[in-house]
Amino acid sequence: MADTPREKLLDGARRLLDHRGRLSDLTLRKLADALGTSHRMLIYHFGSRDGLLAALLSQIRREQQRRILSLGTEAAYQDGLRLLDQMFLDQAESPHTPAFFYVLGLAVQDPDTYREFLDTLDDWTTVYTTLGVREGLPRTAARARAHALVWSLRGLLVQAVATGDHVGAREELREVMAQLGFR
């Protein structure tokens, strides 16, 4: 449950993003109206509309990662892979994927403004490295496998978003997983 005004705004933005699939088409004032606040409050808490979106996506990523890391140690990696597949390549489960790439593009162009977002970009690699180590892999091997998995997934997400071929992207992800030694 949200305790601070900032958290309440993020919760509202999450519901709005889940419902609409994107927020980048709303002006700051329209977004503030939709959230029941003023544009000045959004600027105070997030700096801009895109700052709100970056903070929201960082929060969503942390929630997803906690969900995966909370898996029990037995078969955690396989369960984590199934969740990853579901969270990112199931269109119904992931209305925020295009927003991720929108903010990533902004962050690449203006890294100082989007530092928090960029600093959490490697978190998925850390999550899957942790799961690999739990399965008994040496840390360096677990990290290399996690990098291959995460960056393959991101490339396939670009493909899915750009072409609309989520089925093909899912099939490719499963092939990547098989090539990395997952069953």
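Read the figures in this text as sums done on the coordinates, not as results from a lab. What you are looking at is a predicted structure, and each value in this text was computed from that prediction instead of being measured. Quick reminder, even Gly has a Cβ in these numbers, built from the backbone with ideal geometry, and neighbours come from all protein chains shown.
Things worth noting here:
- When you count the other C-beta atoms within 10 angstrom of each residue and take the mean per peptide, 43-52, 160-169 line up highest first as 43-52, 160-169.
- Among M177, M41, the order by Cβ neighbours within 10 angstrom, fewest to most, reads M41, M177.
- Here the ratio of the Cα radius of gyration of the chain to 2.2 N^0.38 Å is 1.09.
- Sorted by Cβ density within 10 Å, fewest first, the residues S24, S70, S58, S152: S70, S24, S152, S58
- Positive contributions from Lys and Arg (+1) and negative ones from Asp and Glu (-1), summed over other residues with Cβ under 15 Å from the Cβ of L23, come out at +2.
- Prolate/oblate/rounded label for region 1-61 (Cα gyration tensor, a/c 1.5): rounded
- Computed from backbone phi, the HN-Hα couplings of region 57-69 come to 5, 5, 5, 4, 4, 4, 4, 4, 5, 4, 4, 6, 5 Hz, rounded to whole numbers (Karplus: 6.51 cos²θ - 1.76 cosθ + 1.60, θ = phi - 60°; Gly and Pro given as x).
- Magnitude of the charge dipole, region 122-182, Cβ model with Lys/Arg +1 and Asp/Glu -1, debye to 20: 240 debye
- Calculated mean residue ellipticity at 222 nm for the chain: -24000 deg cm²/dmol, from DSSP H runs with n ≥ 4 weighted as -39500 (n - 2.57), summed, divided by the residue count and rounded to 500.
- When the chain is described by a simple charge dipole with +1 on each Lys and Arg Cβ and -1 on each Asp and Glu Cβ, the residue from I43, H96, Y114 located farthest towards its positive end is I43.
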